[in-house]
Amino acid sequence: MIDLSSRKARRRPSLIGDLTPMIDMIFLLLIFFLLTSLAVDPAVDIELPASSTGRVTGQQLQQVQVLSARSYRYDRSVYTREALEELLQLQLEQGELSRAEPLYIQADRSIPYGDLITALEPFYAAGFVRISFVIEQVP
């Protein structure tokens, strides 16, 4: 009779392999994309004219008031669209304004939506991409 107890049972190599490193990488990528998506600001943050959840900031703001589609108030003076474009370009060149900082637009709720979008063109032409609207906070 043959004694099989002395023979070592051979283990077959696993075809699946160890999945732990791959699962670790998937979780790391998931965390990376979640964190980077939270850090990205939207290009145009459009808010309603009134909101009970608006944020109040204590910092100095770059703020422009839209009076109509072609009339703006900036630094306590009223400008036409062309004059505002020239002023913004000059202030950007002199370093008084920064494209990296958000530009806040204050518009009356009676201005039609189409006129408001047309009124944003000078800011896009000057290279501003972080444009937000000032809202009135409602209790």
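The values are calculated or read from the model by the stated rules, or taken from the named source; none is laboratory data. These figures come from a predicted structure and were not determined experimentally. Positions of Cβ are generated from backbone atoms using ideal geometry, with glycine treated the same way; all protein chains shown enter the neighbour counts.
Hey, any hits in region 89-103 for a residue that's at pLDDT 80 or above and in contact with a Pro (Cβ under 7 Å, 6 or more places away or on another chain)?
Within region 89-103 (the criterion being at pLDDT 80 or above and in contact with a Pro (Cβ under 7 Å, 6 or more places away or on another chain)), the answer is no, since none of the residues qualifies.
Residues in region 98-117 that are part of a helix (DSSP H, G or I) and either crowded, with 17+ Cβ neighbours inside 10 Å or among the hydroxyl-bearing types (Ser, Thr, Tyr) (or both): how many? Steps first, please.
Kept after step one, since they are part of a helix (DSSP H, G or I), are these residues of region 98-117: 113-117.
Narrowing further to those that are either crowded, with 17+ Cβ neighbours inside 10 Å or among the hydroxyl-bearing types (Ser, Thr, Tyr) (or both): 113, 116.
The number of residues fulfilling the criteria is 2.
List every residue pair whose Cβ atoms sit under 9 Å apart, with the two residues 6 or more apart in sequence or on different chains, where the first one lies in region 116-133 and is closer than 22 Å to Gly95 by Cβ and the second, anywhere, is of a type in the set (Phe, Trp, Tyr) and exposed (fewer than 15 other Cβ atoms within 10 Å of the Cβ).
Listed by first residue and then by second, the contacts come to Ile131/Tyr124.
Would you point out the residue of region 83-97, among those that are in a helix (DSSP H, G or I) and touching a strand residue (DSSP E or B) at 6+ places or on another chain (Cβ under 7 Å), that is farthest from Pro112 (Cα to Cα)? Write out each step before concluding.
Looking only at region 83-97, we keep the residues that are in a helix (DSSP H, G or I), and these are 83-94.
Narrowing further to those that are touching a strand residue (DSSP E or B) at 6+ places or on another chain (Cβ under 7 Å): 84, 87.
Numbers: Leu84: 20, Leu87: 25 Å.
Result: Leu87.
If I ask for residues that are over 14 Å from Val66 (Cα atoms) and buried (at least 17 other Cβ atoms within 10 Å of the Cβ), which ones from region 81-97 would you list?
Correct list: Leu87, Leu88, Leu97.
Out of Arg109, Arg73, Arg99, Arg81, which single residue is charged (D, E, K, R) and under 18 Å from the mean Cα position of the chain (by Cα)?
Values: Arg109 fails: under 18 Å from the mean Cα position of the chain (by Cα); Arg73 fails: under 18 Å from the mean Cα position of the chain (by Cα); Arg81 fails: under 18 Å from the mean Cα position of the chain (by Cα).
Of the residues listed, the single one that is charged (D, E, K, R) and under 18 Å from the mean Cα position of the chain (by Cα) is Arg99.
Kindly indicate the residue of region 118-139 that is under 12 Å from Gln63 (Cα atoms) and in contact with a helix residue (DSSP H, G or I) (Cβ under 8 Å, 6 or more places away or on another chain) and also surrounded by the most Cβ atoms within 10 Å (Cβ to Cβ) among those meeting that condition.
Phe123
So Thr80 clears everything in (1) more than 20 Å from Leu116 (Cα to Cα); (2) at pLDDT 75 or above except one condition, right? Which one?
(1)
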